[in-house]
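Worksheet for the structure shown next.
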Amino acid sequence: MKMKICIVYDTKRQRGATVHIVQWMLEELKKMSINADAKRVDEVDSFDYDVFIVGSPIYYEKPMKSVVDFLQKNKDKLSSKKVAVFIVCLATSLGKLASWYVKRRYLKLLEKSAGRSLVKSGVFKGWIRKPNYSERERVIKWIRKLISSIYARN
């Protein structure tokens with residue numbers, strides 16, 4: 001089965017952590033010979049994909065409204081698809097308690113919005129100035145696990 005994946009995201013920073021993370025995901029999917037596109041939430045004009053990976057940075061204590069709205073407004077269209085969600089958050093670098101809070105407070109909203117289509121979720125560490133290339137390996141492992149779990153379900 002030839003899988004088609006759409007990575008849907010939004011951000012306020014054109015060269016920020018979320019953009020890098022989406023790019024790393026795309027690169028890994030292409031290495032795996034998987035047809036993948038990355039689109040901002042307002043660029044999605046087709047739901048002709050098998051999997052949607054939907055991600056948001058955390059701003060002012062919550063995922064971007066545009067990303068949450070995308071999941072909620074398209075719940076019916078996404079119900080027959082596999083959906084993975086992720087967030088990008090600087091707070092995860094503050095330790096285990098902060099990581100627990102991030103998952104409970106921020107990630108839960110995206111997971112809930114994805115509903116029964118949810119197959120995987122993840123949290124990636126953001127940054128302010130220079131890219132955190134050590135996070136790249138975590139992103140690659142996450143993508144590989146996601147693809148393995150999807151193939152295992154089929």
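Each value in this text was obtained by applying a stated rule to the coordinates, not by laboratory testing. All values derive from a computational prediction rather than experimental measurement. All Cβ positions, even for glycine, are placed from backbone atoms using ideal geometry, and neighbour counts span all protein chains on display.
The stretch between K65 and R40, if pulled fully straight at 0.36 nm per residue, gains 7.7 nm over its current Cα-Cα span. Per the Debye formula on identical point scatterers at the alpha carbon atoms of region 5-92, with no solvent, log10 I(q)/I(0) at q = 0.26 Å⁻¹ is -1.44.
Rounded if a/c is under 1.5, else prolate if a/b is larger than b/c, else oblate: which is region 1-45, with a ≥ b ≥ c the root eigenvalues of its Cα gyration tensor? Can you show the working numbers first?
Details: a/c = 4.17, a/b = 1.50, b/c = 2.78.
Note, shape of region 1-45 comes out oblate.
Among beta bridges identified by DSSP and lying wholly in the chain, the antiparallel ones come to about 5 percent.
In terms of distances greater than 23 angstrom between alpha carbons, the cross-link table entries K108/K141; K77/K141; K31/K73 yield K77/K141; K31/K73. The relative contact order of the chain, computed from alpha carbon pairs under 8 Å that lie at least 6 residues apart in sequence, is 25 percent.
Based on other C-beta atoms within 10 Å, arrange V19, V51, V85 from fewest to most. Before the final figure, lay out the partial values.
Working: V19 18, V51 22, V85 27.
With the fewest neighbours first, V19, V51, V85 line up as V19, V51, V85.
Once the convex hull of all Cα atoms in region 4-153 is built, its volume per residue stands at 107 Å³.
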